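What follows is a single structure, written as structure tokens, with notes after it.
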Amino acid sequence: MKHVFFWEYDEPGEDGRGLLKKTTAQGVIVNTQTKEVVTFPTMITNYAQTVTHDEKHVLFGSNALGKIEMREIATGKRVKQVRTRKGLYHFLLSNSGDKLYAFNKNAIEVFRFPELKHIESIPLSQLIPGMTKMLVIGHPLTLNKGRLFIFHAMKKTNSGYWHKDRDNGFQMYGVAP
């Protein structure tokens, strides 16, 4: 592993900014070979993050803001920032590297990568009939060269409590190559 990534976590305050009073949350990239450290400001609620297959860029996704940000690993410089749905919690890059799957509480947003152009929205109700929201308890996994993915889901009951879907168990879904 050539790089290690760290980022401070911050929640939104009443004014929409982070709760950290003296500064904005910071991201840190450490080159483990040269010991070089790069810092940069990060968005609040960075639930989603991934590194590109060529290890040249890192992506962060803000749950509260509904934004995706791509930064150069070597410099920390922001290359792109795009809007997506709020509730973002995880990214998966296709094995070919030409699609980014952005998981949120209501859907899976598909982006052409590296352009970050939104090309499709897959509602959860299309994947799991009757389900419109999801509480995430784990990270999605890819199989079959990125054409299948598995994710954990919990459903909200009428009483307001979340529970495992014991009738259906784990769900596996295919996506177009």
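Scoring Tyr9 on the criteria (1) surrounded by 16 or more Cβ atoms within 10 Å (Cβ to Cβ); (2) in contact with a Ser or Thr (Cβ under 8 Å, 6 or more places away or on another chain) leaves a single failure, condition (1).
How about the stretch 31-47: which of its residues are of a type outside the set (Ser, Thr, Tyr) and over 21 Å from the mean Cα position of the chain (by Cα)?
Step one: of the stretch 31-47, the residues of a type outside the set (Ser, Thr, Tyr) are 31, 33, 35-38, 40-41, 43-44, 46.
Correct list: Asn31, Gln33, Lys35, Glu36, Val37, Val38.
All conditions but one from (1) at pLDDT 85 or above; (2) surrounded by 13 or more Cβ atoms within 10 Å (Cβ to Cβ) apply to Leu124; the one that does not is (1).
The values are calculated or read from the model by the stated rules, or taken from the named source; none is laboratory data. Since the structure is predicted, the reported quantities are computational estimates derived from the model, not experimental observations. Neighbour counts run over all protein chains shown; Cβ positions are idealised from the backbone, glycine included.
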